[in-house]
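FYI, it's all coordinate maths here, none of it is from the lab. Note that the structure is a prediction, hence the values are computed from the model and not measured. FYI the Cβ positions are ideal-geometry reconstructions off the backbone, even for glycines, and counts take in every protein chain you see.
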Amino acid sequence: MSFSIERYKEESRKLDTAGIDWEAVTADPLSKGDLFSLHYMMDIENHVPLYLSHLLVTRACMDPILTAFLACWNYEELWHGENLGKLLNLYGIQFDTQQRIANVRANLGFQNSVSILSTMLGSWLLKDFSAVYLTIGAINELSTRTGYGALIRKSGHPVLKDLLGRIIKDERRHFAFYFNSAKEWLTDNQKAQRVDRWMLDRFWVPVGQGVKTQEQVDALALYLFDDEQGEEELLAIDEKIGKLPGLSGVKLMSKALYAARERRRLDPDWAWRLIENEEWAVAPPKKSPVGELTTRRTHTSAEAMGAFEGT
Ligand SMILES: [Fe+2]
Ligand SMILES: [Fe+2]
């Protein structure tokens with residue numbers, strides 16, 4: 001698996017949706033599990049700029065190849081979220097995309113600032129901290145790609161299959177970049193390997209956790225992967241990540257699935273109740289209203305216009 005940054009820069013573009021039969025979205029049903037997964041995935045795609053804000057406070061941003069990649073990657077991910085939202089809207093689920101994104105972010109509150117500061121500190125203290133972020137990037141892209149494949153299989157929905165098939169092509173390139181960059185950093189670098197392994201074993205969480213609750217993460221994992229094929233796919237992700245120097249035998253995705261199963265064993269309603277009760281809305285923030293954080297949403301359009309005219 002190779003990756004050329006020059007080629008990627010040349011070829012990076014907005015997701016091509018030409019020819020997708022959007023009008024047929026309502027012709028086939030989506031189950032509650034499909035809809036739960038789609039909302040989760042959309043929110044996490046839309047969360048990429050905040051993930052990027054973490055990356056940009058690390059030493060990693062000194063690398064011009066990485067920053068060139070991130071510039072294109074962030075743009076491509078934007079269109080993944082946009083198109084998942086479009087599909088949900090066309091299916092008949094109404095929400096304002098900008099409001100939803102703003103609510104997800106506002107709900108993070110103080111935790112996001114603490115997380116950025118600790119990432120910055122970790123990067124200052126540990127020269128090889130970037131290896132951890134690159135490895136996590138590889139796991140996230142590979143698990144996203146695998147999750148989309150599982151959702152295609154579970155839903156059997158032709159329009160969703162077409163859309164996700166196109167997104168998967170982007171995710172494959174993203175994975176290639178992160179994996180190759182992590183490999184480069186870790187090769188012949190014992191110290192980086194030790195730091196990477198230590199951090200992953202203790203602090204790694206599946207993509208989306210932190211933005212989503214443990215129960216939401218489990219609901220997605222159990223809906224998409226709690227069968228023989230799903231489990232095999234998660235083991236294959238671990239095996240692939242285990243090919244990185246120093247990570248042989250690492251268990252991440254499969255461990256997350258087994259932990260989710262255990263939580264459901266202790267509480268049979270666990271996770272499924274979220275899917276059953278159609279809990280895919282995002283609550284408005286309890287503290288720090290969006291308007292306060294963005295300064296955009298406190299004005300009505302008339303007020304905004306007045307302010308504009310007054311300048
Ligand atoms: Fe994506
Ligand atoms: Fe991606």
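Sum up the charges of everything whose Cβ sits under 12 Å from the Cβ of W280, counting Lys and Arg as +1 and Asp and Glu as -1, but leave W280 out.
Numbers: positive: K32, R100, K212; negative: D34, D43, E276, E278, E279.
With Lys, Arg at +1 and Asp, Glu at -1, the net is -2.
First select every other residue whose beta carbon is under 13 angstrom from the beta carbon of D34; then total the charges, Lys and Arg +1, Asp and Glu -1.
Every neighbour counted, the sum reads +2.
Taking the Cα atoms of region 58-188, report the difference between the largest and smallest coordinate on each principal axis, in whole Å and largest first.
49, 34, 24
How large is the convex hull of the C-alpha atoms of region 128-185 per residue, in Å³? Mind showing how you got there, number by number?
Values: hull volume 2.9 nm³, N = 58.
Expressed per residue, the convex hull around the Cα atoms of region 128-185 is 50 Å³.
Counting only C-alpha contacts under 8 Å and six or more residues apart, can you give the relative contact order of region 102-188 as a whole percent? All intermediate terms of the calculation are to be shown ahead of the outcome.
Working: 44 pairs, mean separation 32.2, N = 87.
This gives 37 percent for region 102-188.
When the chain is treated as a GNM, springs tying every alpha-carbon pair under 10 Å, which of N277, N103, N74 comes out with the largest mean-square fluctuation?
Comparing N277, N103, N74 in a Gaussian network model of the chain, the most mobile one is N277.
Roughly how many whole Å is it from the C-alpha centroid of region 74-108 to that of region 1-42?
13 Å
How high is the FRET efficiency between N74 and R265 when r is their beta carbon distance and R₀ equals 35 Å, given to the nearest 0.05?
That pair, N74 with R265, gives E of 0.35.
Given a Förster distance of 41 Å, report the FRET efficiency between S115 and A27 from their Cβ-Cβ distance, rounded to the nearest 0.05. Present the calculation step by step, with values, prior to reporting the outcome.
On the way: r = 42 Å, r/R0 = 1.03.
My answer for the efficiency is 0.45.
Could you compute the FRET efficiency for L56 and A283, with r as their C-beta to C-beta distance and R0 at 35 Å, rounded to 0.05?
The calculated FRET efficiency here is 0.75.
In Å, what Rg and Dmax follow from the Cα atoms of the chain?
20.0, 64
Mind jotting down the distance between the C-alpha centroids of region 257-274 and region 138-177, whole Å?
Their Cα centres are 25 Å away from one another.
Please build a GNM for the chain, connecting alpha carbons under 10 Å apart, and tell me which residue among A192, A281, A236 fluctuates the most.
Largest GNM mean-square fluctuation: A281.
How many percent of the alpha carbon pairs in region 1-78 exceed a separation of 18 Å? Before the final figure, lay out each step's value.
Details: 1811 of 3003 pairs.
Distances greater than 18 Å cover 60 percent of the Cα pairs.
Quick check on region 214-296: what does the Kirkwood estimate of hydrodynamic radius come out to from the alpha carbon pairs, in Å?
Roughly 15.1 Å, rounded to one decimal.
Counting only complete DSSP H runs, which helices of the chain cover 30 Å or more along their long axis at the Cα atoms and score a mean Kyte-Doolittle of -0.5 or above? Before the final figure, lay out the partial values.
Details: long enough: 64-91 (41 Å, 0.16); 129-155 (39 Å, 0.34); 158-186 (41 Å, -0.36).
Flagged H segments are 64-91, 129-155, 158-186.
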